Every structure is written in C-alpha cells, then in structure tokens.
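Student: One structure, pasted below without further comment.
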Amino acid sequence: MSTINIAIDGPAGAGKSTIAKTVSAEMGYIYVDTGALYRAVALYITENNIPDSDIGESLRHADISLKFIDGVQRVYSGDRDVSELIRTPEISMAASRTSAIPAVREYLFGLQQKIARENNVIMDGRDIGTVVLPNADVKIYLTASPEERADRRYRELAEKGDCPPYEDILKDIIQRDYQDMHRETAPLKQAEDAVLVDSTNLTLEQVVKKITEIIREKI
Ligand code: DC
C-alpha cells in the first residue's frame, strides 16, 4: 500500500511547523520537520569542528535519526537527544550555511525518502516538493513577508523573555532567505505544481483552514 505524502516548503518563519503540526494531528499523519535534520547535522559539524572539506567523509560516522514518540518528533545524534540543543540562533545560521553543501544534502536525502515511503507524512522543509518528494500527493508553498515573519518571531521570543532587537531578527531572516534561495543544490523555490499560500495577513486559524481545504480537495 502506498503512503500519502504532503510537502510544505517555504522560507524560515513562515509558520510551516505550527501549521503542519496542527494539520497532521487532525489527519493522523506523522509530521516531519526536515529542518531539524539539517540543524542536527550543523550541530555535529560545529561540535566536532569539521572543516568543509572533510564533511562528506565525517558524515559517514554520523548517526542522525528521527524518532516519533506519541507522534512527536525527536532528533537524535547517535543516542543523544539533541531536539532542544539545535534551536539556537547560532545553529540556525550554521544549518543554513552547511545545508548548501551537497554532501550534507546527500546524507539526509535517503533518510527523508524512507520516512515518507513508510508513513503518511506532512513533511516541511525547503526542497521537499522540488527534490525529496517530487511525486508528493499535495504540495504547498507557504510564505509571508520578511517583516511579518520577523515580527512573529520577535513576539514569540519576547514572550519567553529573551529577545534580541527586532532589526537583528529581520536581518537574520533576510540573510537566511538569501542563502536558502541562492545555493546551487536544491535551493528554496516553489515547485511548479505547488499551491502558493501567503500567510502575511492571515491568522493561524485561517491558514490551517486554507491548507486543510487544499489537502482535502486533492486526496
Ligand atoms: O526550517 P529550519 O529553519 O529549521 O531549517 C534550518 C535550515 O536548514 C534552513 O535555513 C535551511 C536548511 N533546510 C534545508 O536546506 N532543506 C530543508 N528541507 C530543510 C531545512
């Protein structure tokens, strides 16, 4: 029996993970956050001080994996759960940089495809609809203006009481967009057959509704 695969791509901070989590819980699908895999690889490279020229070779000894505990994704590096460690601004930037290296993308490619082959998934990332799952049943490209994404991130961090200036957040977002869209291998772009959803002026509930409708129409 073949599985159902839904791809959600888009830039950092567009709300992919919040939306995909909500929709996958409603549908009983597994939510796969592929950015976490790139972050775990970036952490591995950073912690082990691996120069770019050695990354391909050293990844042969890396053991990055995902586990789903009660439907919730945890990321492992060997037998260490790194799900929280990978969420720093430093690792965000390192992941954006190292994800441009073809050896890193090759390393994670098969793992993502295997998960999608074995499970009904909503998979979010940058190249899911274009490269990883070109035959996905539904493809969505979710975006929002950089200012709106920075504003959402600012409010999220301010709630936790640890907030860099808004301008710094916006600068990081613009830099990451540029890096993710302009790399040679699997750059961030909308797949030709993806449905564009711009969440700039929409509430979370409106986006969830819209995306649920798109999915129901197609499957
Ligand atoms: O979604 P995120 O912010 O956690 O992703 C971190 C970085 O990983 C992002 O800047 C680009 C990279 N990434 C990628 O190249 N391809 C993916 N499918 C997912 C993430």
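Student: Being aliphatic (A, V, I, L, M) and more than 10 Å from the ligand (Cβ to nearest atom): is that true of VAL138 here?
Tutor: yes
Student: Only residues that are aliphatic (A, V, I, L, M), touching a helix residue (DSSP H, G or I) at 6+ places or on another chain (Cβ under 8 Å) and surrounded by fewer than 17 Cβ atoms within 10 Å (Cβ to Cβ): list them for the range 171-199, please.
Tutor: ILE174
Student: Now for a separate question. Working carefully through the options THR200, THR185, find the one that is out of contact with any His (no Cβ under 7 Å at 6 or more places or on another chain), over 24 Å from ARG105 (Cα atoms) and hydroxyl-bearing (Ser, Thr, Tyr).
Tutor: On the way: THR185 fails: over 24 Å from ARG105 (Cα atoms).
Being out of contact with any His (no Cβ under 7 Å at 6 or more places or on another chain), over 24 Å from ARG105 (Cα atoms) and hydroxyl-bearing (Ser, Thr, Tyr) holds for just one of THR200, THR185, which is THR200.
Student: Given ARG105, ARG126, which one is within 13 Å of the ligand (Cβ to nearest atom) and either over 21 Å from GLN73 (Cα atoms) or in contact with a Gly (Cβ under 9 Å, 6 or more places away or on another chain) (or both)?
Tutor: After applying the criteria, what remains is ARG126.
Student: Continuing with this model, one more query. Tally time: how many residues in the range 35-71 are touching a residue at least 12 places away in the same chain (Cβ under 8 Å), in contact with a strand residue (DSSP E or B) (Cβ under 9 Å, 6 or more places away or on another chain) and either within 15 Å of the ligand (Cβ to nearest atom) or within 23 Å of ASP180 (Cα to Cα) (or both)?
Tutor: Count: 12.
Student: Give the residue, chosen from ALA20, ALA7, that is touching a residue at least 60 places away in the same chain (Cβ under 8 Å), within 16 Å of the ligand (Cβ to nearest atom), out of contact with any helix residue (DSSP H, G or I) (no Cβ under 7 Å at 6 or more places or on another chain) and among the aliphatic types (A, V, I, L, M).
Tutor: Going through ALA20, ALA7 in turn, the sole match is ALA20.
Yes/no per residue for (1) in a helix (DSSP H, G or I); (2) on the phi < 0 side of the Ramachandran plot; (3) exposed (fewer than 13 other Cβ atoms within 10 Å of the Cβ); (4) among the acidic types (Asp, Glu):
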{"site": "ILE122", "(1), (2), (3), (4)": "no, yes, no, no"}
{"site": "VAL131", "(1), (2), (3), (4)": "yes, yes, no, no"}
{"site": "ALA136", "(1), (2), (3), (4)": "no, yes, no, no"}
{"site": "TYR154", "(1), (2), (3), (4)": "yes, yes, no, no"}
{"site": "ASP162", "(1), (2), (3), (4)": "no, yes, yes, yes"}
{"site": "ILE169", "(1), (2), (3), (4)": "yes, yes, no, no"}
{"site": "ASN201", "(1), (2), (3), (4)": "no, yes, yes, no"}
{"site": "VAL207", "(1), (2), (3), (4)": "yes, yes, no, no"}
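Student: Can you confirm whether GLY35 is under 22 Å from ARG126 (Cα atoms), modelled with pLDDT of 95 or more and not aliphatic (A, V, I, L, M)?
Tutor: Yes.
The values are calculated or read from the model by the stated rules, or taken from the named source; none is laboratory data. Computed from a predicted model, the values in this text were never measured in an experiment. Here the Cβ is made from the backbone with ideal geometry for all residues, glycine too, and neighbour counts use every protein chain on show.
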